[in-house]
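Take a look at the structure set out below.
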Amino acid sequence: MTTADSRDGRRLTARGAKTRAKIVAAATELMYIQGVGATTLDDVLAASGVSKSQLYHHFDGKDALVRAVVDHVGERIMEREREALGHVSTIRGLRRWRDALVQNNALRHGAYGCALGSLASEVSDHDALARQALSQLFTEWQGLLAGVLRRLQDGGALPPEASIDQLATGLMAALQGGYMLAQTARDVTPMATSIDMALAYIESLSDR
Amino acid sequence: MRTHFAEVLARESACLAGVTDGAKLAGWRRRVVEELMTPLSPYVLAMRQTGDVPDRADFLDRWRELIAETVDRLAQSGTTGDTRFSSGQTRRADVDAQKTAVLILAALHGGSTLSQIAEDPWPLNAALDLALAPFAATEDNCPARAGTSSPIGNMNP
């Protein structure tokens with residue numbers, strides 16, 4: 001692995017860890033706003049205020065930095081989603097989850113999309129390690145949604161024959177696709193519509 | 001960038017115009033999935049979140065409109081629905097063509113991203129199964145049968 005510090009367990013001094021965190025934070029922000037492809041290491045140097053030698057001490061190139069950003073963003077989003085979805089067991093609860101995501105995205109007119117989804121659409125054909133890390137993160141996120149749907153099924157709100165994993169994946173795609181449509185339209189409406197349609201279908205399964 | 005958009009719109013316009021029933025919709029869906037799973041196909045390039053935003057927005061609006069027309073046509077003709085969960089009554093009358101088209105386009109977009117990172121068409125097919133459920137254009141979403149040929153033939157021009 002190439003991100004020396006975090007991956008092979010080489011210990012960082014407190015100061016080294018702080019520098020590394022500063023670089024990752026600046027890179028995360030830049031890649032979120034202007035995209036991975038458009039973000040250069042020089043941009044990251046300028047935004048983080050660290051020296052070139054410090055940056056190369058922690059990361060041997062852009063790929064390594066992108067992987068660190070994937071880990072960082074993934075950790076943040078999974079923490080948020082575990083909290084938001086971990087105990088949801090009703091359609092109403094699922095709608096509250098939807099409301100929070102739409103509301104948050106509306107604050108920026110949907111301009112930047114989902115931090116994890118944007119990374120996924122940009123890095124998947126560039127770097128196998130980043131792609132695998134993203135694949136694991138999305139599997140975990142879909143697992144949280146599947147957990148909710150399974151609890152709905154256990155409570156009788158979904159029929160026993162409903163395919164939970166397939167629905168969870170379909171819902172995730174509706175969410176991610178919705179983010180992407182909103183990003184292009186600079187309007188959160190298509191995202192809200194897409195999730196609402198998916199949720200309405202899931203809800204309709206209960207009264208068939 | 002413009003050329004991918006134009007290429008996709010030309011193909012979609014031709015193919016969607018011929019979609020008059022559930023089986024043909026399933027044929028359309030199979031072809032789009034194949035395109036989206038082909039590296040560097042015009043569809044894959046057109047889906048990228050790069051390039052000029054107004055051009056992309058225009059492209060997506062037009063594609064959504066083509067899908068909405070098709071959804072509307074199918075709903076009007078009373079295309080029979082999904083029988084797997086059916087209890088007899090159809091839900092065709094409830095279909096909102098514009099909103100359904102937004103979901104289908106989102107499913108293509110989000111599903112292809114998930115499929116690319118998983119290197120597997122399964123997520124894209126799961127997304128389309130959900131989005132196309134009112135029209136029974138579902139596939140047996142099973143990797144082993146992904147290559148099954150379409151009974152209605154190849155819809156490529």
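The values are calculated or read from the model by the stated rules, or taken from the named source; none is laboratory data. This one's a predicted model, so the numbers in the text were calculated from it and none came from an experiment. Cβ sites come from the backbone with ideal geometry, for glycine too, and all protein chains shown count toward neighbours.
Summary table
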quantity: A:GLN136 of a type outside the set (Lys, Arg), closer than 16 Å to A:VAL73 by Cβ and surrounded by fewer than 19 Cβ atoms within 10 Å (Cβ to Cβ); calculated: yes
quantity: Residue match in region A:114-127 (condition: surrounded by 18 or more Cβ atoms within 10 Å (Cβ to Cβ), touching a Lys or Arg at 6+ places or on another chain (Cβ under 9 Å) and among the polar types (S, T, N, Q)); calculated: yes
quantity: Selected residue (only one of A:TYR112, A:TYR32 is of a type in the set (Ser, Thr, Tyr) and either part of a helix (DSSP H, G or I) or in contact with a strand residue (DSSP E or B) (Cβ under 7 Å, 6 or more places away or on another chain) (or both)); calculated: A:TYR32
quantity: Hey, B:LEU114 aliphatic (A, V, I, L, M), under 13 Å from the mean Cα position of the chain (by Cα), crowded, with 20+ Cβ neighbours inside 10 Å and modelled with pLDDT of 95 or more or not; calculated: no
quantity: Total residues in region B:9-42, condition in contact with a His (Cβ under 6 Å, 6 or more places away or on another chain) and among the polar types (S, T, N, Q); calculated: 0
quantity: In region B:37-75, residue farthest from B:SER115 (Cα to Cα) [restricted to those that are surrounded by 16 or more Cβ atoms within 10 Å (Cβ to Cβ) and in contact with a Gly (Cβ under 8 Å, 6 or more places away or on another chain)]; calculated: B:LEU74
quantity: Test: A:ALA200 is more than 7 Å from every other protein chain (Cβ to nearest Cβ), assigned to a helix (DSSP H, G or I), without any contact (Cβ under 8 Å) to a residue 12 or more places away in the chain and of a type in the set (A, V, I, L, M, F, W, C); calculated: yes
quantity: Test for A:VAL69: is it within 14 Å of chain B (Cβ to nearest Cβ) and either closer than 30 Å to A:ASP154 by Cβ or under 15 Å from the mean Cα position of the chain (by Cα) (or both); calculated: no
quantity: Candidate set: region A:161-174, residues that are touching a helix residue (DSSP H, G or I) at 6+ places or on another chain (Cβ under 8 Å) and more than 15 Å from B:SER112 (Cβ to Cβ); chosen: the one farthest from the other protein chains (Cβ to nearest Cβ); calculated: A:ILE164
quantity: Qualifying residue in region B:121-134 (condition: over 20 Å from A:ASP196 (Cα atoms), at pLDDT 50 or above and in a helix (DSSP H, G or I)); calculated: yes
quantity: Test result for A:ALA84, touching a Phe, Trp or Tyr at 6+ places or on another chain (Cβ under 7 Å) and free of Cβ contacts under 8 Å to residues at least 40 places away in the same chain; calculated: yes
quantity: Single condition B:PRO143 does not satisfy, out of (1) surrounded by fewer than 19 Cβ atoms within 10 Å (Cβ to Cβ); (2) at pLDDT below 95; (3) at the interface with chain A (Cβ under 8 Å from one of its Cβ atoms); calculated: (3)
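Residue-by-condition table, conditions (1) over 17 Å from B:LEU128 (Cβ atoms); (2) acidic (Asp, Glu); (3) at the interface with chain B (Cβ under 7 Å from one of its Cβ atoms):
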site: A:GLY147; (1), (2), (3): yes, no, no
site: A:ARG150; (1), (2), (3): yes, no, no
site: A:GLN176; (1), (2), (3): no, no, yes
site: A:THR184; (1), (2), (3): yes, no, yes
site: A:ALA192; (1), (2), (3): yes, no, no
